[in-house]
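Visitor: Before anything else, here's the structure in question.
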Amino acid sequence: MIKEHIAGILANYTFDSFGNFEFQAIGAGLIHGTYLIEAGDLKFILQEFNNGVFQYPDRISHNQRLVKSQGDGNLLPFQLPLPILNSDKKLITNWNGKLFRLFEFVSGQTIQEISELDQAYLAAKAYGVFAEWGKVVDTSQLQECIPNFHRLDLRFAKLEEVAAGKGALSKEDQVVLDFYLGQKELIEAYQKFQAILPARLTHNDTKINNLIFSHDLQKVEALVDLDTLMSGYLMYDFGDLVRTVACSESETSQNWGAIKLEIPVFEQLLKGYWEGIRSLATEEETKSLLLAGEVMTCIMGLRFFADHLQGNVYYKVQYPEQNFHRAKNQMLLLQSLQANKSELKEIWKSVTQS
């Protein structure tokens, strides 16, 4: 991206802060290209929108407008940075056939993994506070920007379909396939919750790097990456926290013997999230938190393994076996979650007083 191109994009915004500006590419995001724009004392984030991954940009804008109009951002203890309106009063700017968005810059730092237990607590509390704050949003008006994103039952059915069309598998593939196809009890438990849980405003991608912390890591300054705002269940957001924050290794790790659930981290996540949602959660939602980590870990394992069997058509891979390794990684975490269910239940009882 050259400066003249960025100037052309910024010309779509009505304020005159961009007579003289500097820019630099920032971040290591895999989906959107991101640039820091500095104009005098002002800073902005310019993001190129990847509509190859997010195929329904109008739905994303609709949901973001709805959340902004129905929720009072002043009631949140952190920022919720949504795109700035351009001169056409739109959140997304079309420039030369490409889509862009402009955001106000939030000072702070992002982290890829926790270095202190308190960071897990702070992260989970922020997502819980967001869920409680979002109770005023009419979820029936939210649109599916990624259809069936966290439908565990449909992901399971997809793997069954893909596997049925394959011939003989390698021994390693068969072991992983048998494990995931053996999760019918979890699928049934999920479906029971699906029938009774209320729809909530959910973030749906609650990784710790979707939060901006203060520079001293003592508070959360902003909740970002709001493209997956949709109607969902609290267990989706809490479960993805467990999957991504409470695992001893990243989801790309091949250190098989070291992959396990970090129980002290799980406890801090539950304490933080519960503090945010305790006045909101129904009895059924409270119970669902205990299964949440299994649900979200299984979903990702099913998706990785189905993509592996299909020849890596969805997820980017750095080598041919990477989706298989990702699926095996999630299998080992799910096994650890299930093996420690009794201890997790005691923690759950203590925290939720259930």
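The values are calculated or read from the model by the stated rules, or taken from the named source; none is laboratory data. These numbers were taken from a predicted model, which means no experiment stands behind them. All Cβ positions, glycine included, derive from the backbone under ideal geometry; neighbour counts span all protein chains shown. The protein model used for the area step is the full one, side chains on, heavy atoms only, and it has no ligands, DNA or RNA in it. Shrake-Rupley method; radii C 1.70, N 1.55, O 1.52, S 1.80 Å.
Visitor: What are the ³J(HN,Hα) values, in whole Hz, obtained from phi via the Karplus relation 6.51 cos²θ - 1.76 cosθ + 1.60 with θ = phi - 60°, for each residue of the range 124-138 in sequence order, with x given for Gly and Pro?
Guide: 5, 4, 4, 5, x, 4, 4, 4, 5, 4, x, 5, 7, 7, 6
Visitor: Starting from the Kirkwood radius over alpha-carbon pairs of the range 259-310, derive D by Stokes-Einstein at 25 °C in a medium of 0.890 mPa s and give it in µm² s⁻¹.
Guide: 190 µm²/s
Visitor: Using only the alpha-carbon atoms of the range 83-144 as identical scatterers, what base-10 log of I(q)/I(0) does the Debye formula give at q = 0.14, 0.20, 0.21, 0.23 Å⁻¹?
Guide: -0.77, -1.02, -1.02, -1.02
Visitor: Same structure, new question: Evaluate 2.2 N^0.38 Å with N set to the residue count of the chain, then give the Cα radius of gyration divided by it.
Guide: On the way: Rg = 20.9 Å, N = 354, 2.2 N^0.38 = 20.5 Å.
The value comes to 1.02.
Visitor: I would also like to ask the following. Across the Cα atoms of the range 18-102, what radius of gyration and what greatest pairwise Cα-Cα distance (Dmax) are found, in Å?
Guide: 14.0, 38
Visitor: Any idea what % of Cα-Cα pairs in the range 58-101 are farther than 11 Å?
Guide: Every Cα pair in the range 58-101 considered, those over 11 Å come to 71 percent.
Visitor: Apply the Kirkwood formula to the range 1-155: the hydrodynamic radius equals the inverse of the mean of 1/r over all pairs of different alpha-carbon atoms; give it in Å with one decimal.
Guide: Taking every pair of different Cα atoms in the range 1-155, averaging 1/r and inverting gives 17.7 Å.
Visitor: Among the lysines, which fall within straight-line cross-link reach of K349, defined as a Cα-Cα distance under 16 Å, with same-chain neighbours fewer than 8 residues apart omitted?
Guide: Counting by Cα, and skipping residues close in sequence, K349 has these lysines nearby: K271, K287, K341.
Visitor: From the convex hull of the Cα coordinates of the range 158-279, what is the mean projected area in square nanometres? Each step should come with its number before you reach the end.
Guide: Details: hull surface 42.3 nm².
Computed as one quarter of the Cα hull surface, the answer is 10.6 nm².
Visitor: If amide hydrogens are placed 1.01 Å from N in the peptide plane, which non-local residues have theirs closer than 5 Å to the one on E221?
Guide: Answer set, sorted by chain and number: I212, F213, S214.
Visitor: Something else now. Using a Förster distance of 25 Å, how high is the FRET efficiency between K349 and K135, based on the Cβ-Cβ distance and rounded to 0.05? Before the final figure, lay out the partial values.
Guide: Working: r = 25 Å, r/R0 = 1.00.
FRET efficiency, K349 to K135: 0.50.
Visitor: For the range 288-354, report the translational diffusion coefficient in µm²/s to the nearest whole number, using Stokes-Einstein at 20 °C, 1.002 mPa s, and a Kirkwood Rh over Cα pairs.
Guide: Answer from the Stokes-Einstein relation: 164 µm²/s.
Visitor: Would you please give the residues with an amide H less than 5 Å from that of K260, counting only those at least 5 places away or on a separate chain, with H modeled from the backbone geometry?
Guide: Close amide H contacts, sequence-distant or interchain: S248, E249.
Visitor: Ignoring ligands, DNA and RNA, what percent of the accessible area of the chain is carbon or sulfur (1.4 Å)? Could you put the intermediate results ahead of the total?
Guide: On the way: 7830 of 16610 Å².
Here it works out to 47 percent.
Visitor: Enter the accessible area per residue of the chain (Å², integer; probe 1.4 Å; all protein chains in place). The partial results should precede the final answer.
Guide: Working: 16610 Å² over 354 residues.
Per-residue value: 47 Å².
Visitor: Restricting to lysine pairs 8 or more places apart or on different chains, what number in the range 12-151 have Cα atoms under 23 Å apart?
Guide: Close lysine pairs under the 23 Å cut-off: 11.
Visitor: Can you list the equivalent-ellipsoid semi-axes of the range 227-354, largest first and in whole Å, using the square root of 5 times each Cα gyration tensor eigenvalue?
Guide: Result for the range 227-354: semi-axes of 28, 17, 11 Å.
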